[in-house]
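Comments concern the structure below.
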Amino acid sequence: MTISIRSVDKKFGRYPALNKVDLEIADGELLALLGPSGSGKTTLLRTIAGLEFPDAGQVLFHGQDVTFASAAARRVGFVFQQYALFKHMTVAKNIAFGLDVRKGKDKPSKIEIEKRVDELLKLVELDGLGKRYPSQLSGGQRQRVALSRALAVQPSVLLLDEPFGALDATVRKSLRKELRRVHDATGVTTIFVTHDQEEALELADRVAILNKGQIEQVGTPDQVHDQPQTAFVCGFVGEANSFEGQVAGGQFTAGALRLPAAGVRDGAATAYVRPHDFVLDETGFEVRVERAHVQGPLTAVSAATLDGHPLEISASRAEAALFQGAVKIAARKTHVYAV
Amino acid sequence: MSAAPSRSRRATDDPAWAKALVIGVVLVFLALVLIVPLAAVFAEALRRGLDAALVAVNNPDALAAVKLTLLTAAIAVPFNAVFGLCASWAIAKHEFRGKPLLITLIDLPFSVSPVVAGLIYVLIFGMQGWFGEWLVDNDIKVIFAVPGIVLATVFVTFPFVARELIPLMQEQGTSEEEAAISMGASGLYTFWRVTAPNVRWGLMYGVLLSNARAMGEFGAVSVVSGHIRGLTNTMPLHVEILYNEYDFVGAFAVAALLCLLAVVTLVLKTAVEAAQPRTGRGGH
């Protein structure tokens, strides 16, 4: 199922939640909508689901206009942040809900429904728990039930709103792998919302980064990390030291700090350097090391420029001893954006 | 009084003497204002023996009062259950203009004196009221008749169900309904299969509270009733009449019956509360 979002606008009262959003989602893709809270990512997901309707613009499923079609008519599977399981129904009844509500000849027989529920329980590794109630399950198990309930109707697209937000770190990691596995097994086009960049970069085929109701960049995890198109993306995805300064003639200057900035127009600018892009270099600029400590295979260095701007450097473990007192460093890669 | 550290002690626990004091104050207070008067009602009713009390209850006027009270509750309570469900559904699950005003209006019967509530209906439906002439012409009696009593009771009891359900529904939010609808369930199906089961205990609780008030209401009903024996007297009104006529055994016997109805309500309420955890509440 390909999905096209065409210049969608959505306001809540006066607050613009989405502002001329365009997005193309390929068939069978696993896409992350990544952004800080209030960026419009959940609104975009709910607009795709048919739980919100845009003020302007179009939503197309497979080339067909579904802008004002109901969620049921779009055949979406939606997984809510707080699971939204039906508390008074067993796990099996929860999963079967979407099949039970069907009428007439669309409704599968009791045996077919049971079979489908068993399949789905197996898919999310909850076999044998069908008779339990949601309150008798752990958070991770509940989220798996929510996932299989959404998959039961064989949705054209699977939508997940902060699916791992309420879970602790270990469960989150294992469920991430699980979602990837389920996606690969079913091949269903999947879109999930997250504010956790690690989650987005690890799990998704492509990441769409939202800020203030607009999409800043869409690309593979590598692209958004290594070639951020805007200052926001650079600061939001991955770690970065930021410097406010001036660009003149392809050179960025902030106090004693000088960085190459080819192709950036003259004037005020912000420069970003990732911690691992700083390297020891005798021809570079001088910094004072305040603290260097080993972090697994790496050395994390806190330092400051001569005019007091703090910066973080990530070096290999072998270099730990070299970061002492005053050292000279250079940036092997910089991202400079005119303000 | 030992202050020996116990394993079950918590940081918020008070010292033993403070705990004893707090519990003692509550018990003394309850005994003075609740238990002693309640016991007095039953003692007074049974002063001349159980037979005398039964005779007092088992006369046509008293029985008519019991019937009218039950009839009034049987009309007012279902009406308020439906109204309460609609109001809380509208308020908790939808956004619309004037919502705070609606919430305030629902609370109005709590803040208005019941006498005023009764007078409102006299003003509207009474002989000198807005619809008075028209009602007389069409031979419809509202004031000093059963319809007036039901109206006044509905007015006084209508916040109970809504007040119970609004916070509950607001806390539950709309995502379960959204989940159901996204899976193809109709609005009605969603209401019966998802919303109603989630609020059924709150609804029961509200219904019981509203029932207790409906059976016990005095002020508003007194204004619209006309106190016609055997016709428009509810139990609380009948108690007053008997008492004013110095028929103490009769008054206290009917009062004791009213108390028993309240006790039944309380027992049901406790049973509802005890049944709650078994349904797997606290979903997240």
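Bear in mind that the values in this text are calculations on the coordinates, not laboratory data. As the structure is a prediction and not an experimental result, all values here were calculated from the model. So basically every Cβ, Gly included, is an ideal-geometry build from the backbone, and we count neighbours across all protein chains shown.
Students often check this: by mean Cβ neighbours within 10 Å, which of B:164-170, B:180-186, A:104-110, A:62-68 ranks highest, and how do the rest follow? Walk me through the intermediate numbers first.
Details: B:164-170: 18.6, B:180-186: 21.9, A:104-110: 9.7, A:62-68: 12.6.
Top to bottom by mean Cβ count within 10 Å: B:180-186, B:164-170, A:62-68, A:104-110.
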Item to check | Dipole axis of the protein assembly as shown (+1 Lys, Arg; -1 Asp, Glu on Cβ), positive-most option in A:54, B:175, A:326 | outcome: B:175
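Of A:10/A:212; A:41/A:122; A:87/B:269; A:10/A:41; A:131/B:93, which ones are farther than 20 Å apart at the Cα? Don't skip to the answer; put the middle values down first.
On the way: A:10/A:212 12 Å; A:41/A:122 31 Å; A:87/B:269 22 Å; A:10/A:41 12 Å; A:131/B:93 30 Å.
From A:10/A:212; A:41/A:122; A:87/B:269; A:10/A:41; A:131/B:93, over 20 Å: A:41/A:122; A:87/B:269; A:131/B:93.
If you count, for every residue in A:77-84, the Cβ atoms of partner chains within 10 Å of its Cβ, what is the mean? Walk me through the numbers on the way to the answer.
Working: counts 3, 6, 1, 6, 2, 5, 5, 13.
So the per-residue partner count for this stretch is 5.
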Checklist entry - If each of residue B:104 and residue B:133 carries a label point 7 Å out from its Cα toward its Cβ, how far apart are those two points in nm? => result 3.6 nm
Checklist entry - With a ≥ b ≥ c the root eigenvalues of the C-alpha gyration tensor of the range A:165-244, is it rounded (a/c under 1.5), prolate (a/b larger than b/c) or oblate? => result prolate
Next on the checklist: Which log10 I(q)/I(0) values does the range B:49-275 give at q = 0.11 Å⁻¹ under the Debye formula, counting every alpha carbon as one identical point scatterer?
Outcome noted: -0.66
Checklist outcome for this item: So, with points 7 Å from each Cα along the Cβ direction, the residue B:70-residue A:135 label distance in nm works out to 3.5 nm
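If packing is taken as the average number of other Cβ atoms within 10 Å across a peptide's residues, how do A:175-181, B:46-52, A:285-291 rank, most packed first?
Numbers: A:175-181: 17.4, B:46-52: 12.4, A:285-291: 14.4.
Highest-to-lowest ranking by the protection proxy: A:175-181, A:285-291, B:46-52.
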Item to check | Net dipole in debye of chain B [+1 Lys, Arg Cβ; -1 Asp, Glu Cβ; about Cα centre; nearest 20] | outcome: 900 debye
Checklist outcome for this item: For A:335, A:309, ascending order of other Cβ atoms within 10 Å (fewest first) is A:309, A:335
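If you wrap a convex hull around the alpha carbons of chain A, what volume per residue comes out, as a whole number of Å³?
Once divided by residue count, the hull of chain A is 164 Å³.
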Checklist entry - About the Cα centre of the protein assembly as shown, what is the dipole size in debye to 20, counting +1 per Lys and Arg Cβ and -1 per Asp and Glu Cβ, all else neutral? => result 1200 debye
Checklist entry - Using a basic spin-label model with each label point 7 Å from the Cα along Cα→Cβ, how many nm lie between residue B:140 and residue A:127? => result 6.8 nm
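Ranking B:86, B:259 by Cβ neighbours within 10 Å, fewest first, what do you get? Intermediate values should be presented prior to the final figure.
Numbers: B:86 12, B:259 16.
So the ranking, lowest neighbour count to highest, is B:86, B:259.
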Checklist entry - Shielding of B:155-164 by partners, i.e. mean partner chain Cβ atoms within 10 Å per residue? => result 0
Checklist entry - What is the Cα centroid distance between the range A:1-72 and the range A:152-231, reported in whole angstrom? => result 15 Å
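For the ranges B:53-65, B:101-113, what's the packing order if you count other beta-carbon atoms within 10 Å of each residue, average per peptide, and put the highest first? Don't skip to the answer; put the middle values down first.
On the way: B:53-65: 16.5, B:101-113: 12.8.
Listed from highest to lowest mean packing, they are B:53-65, B:101-113.
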Checklist entry - What residue among B:216, B:98, B:202 has the largest mean-square fluctuation in a Gaussian network model of chain B, using Cα springs under 10 Å? => result B:98
Next on the checklist: Would any residue of the range B:9-34 have its amide N under 17 Å from a label point 7 Å out along Cα→Cβ of residue B:270? List them or say none.
Outcome noted: B:27, B:30-31, B:34
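Please order A:114, A:244, A:199 by the number of other Cβ within 10 Å, starting at the fewest.
By the 10 Å Cβ count, ascending, the order reads A:244, A:114, A:199.
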Checklist entry - 222 nm [θ] for chain A, helices only, -39500 (n - 2.57) per DSSP H run of 4+, per residue, to 500? => result -7500 deg cm²/dmol
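In peptide A:244-250, how many Cβ atoms from other protein chains are near each Cβ within 10 Å, on average?
Numbers: counts 0, 0, 0, 0, 0, 0, 0.
Taking the mean over all residues of the peptide, I get 0.
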Next on the checklist: Report the Cα centroid-to-centroid distance between the range B:97-129 and the range B:4-70 in angstrom, as an integer.
Outcome noted: 32 Å
Checklist entry - Cα convex hull of the protein assembly as shown: mean projected area in nm², to one decimal? => result 44.8 nm²
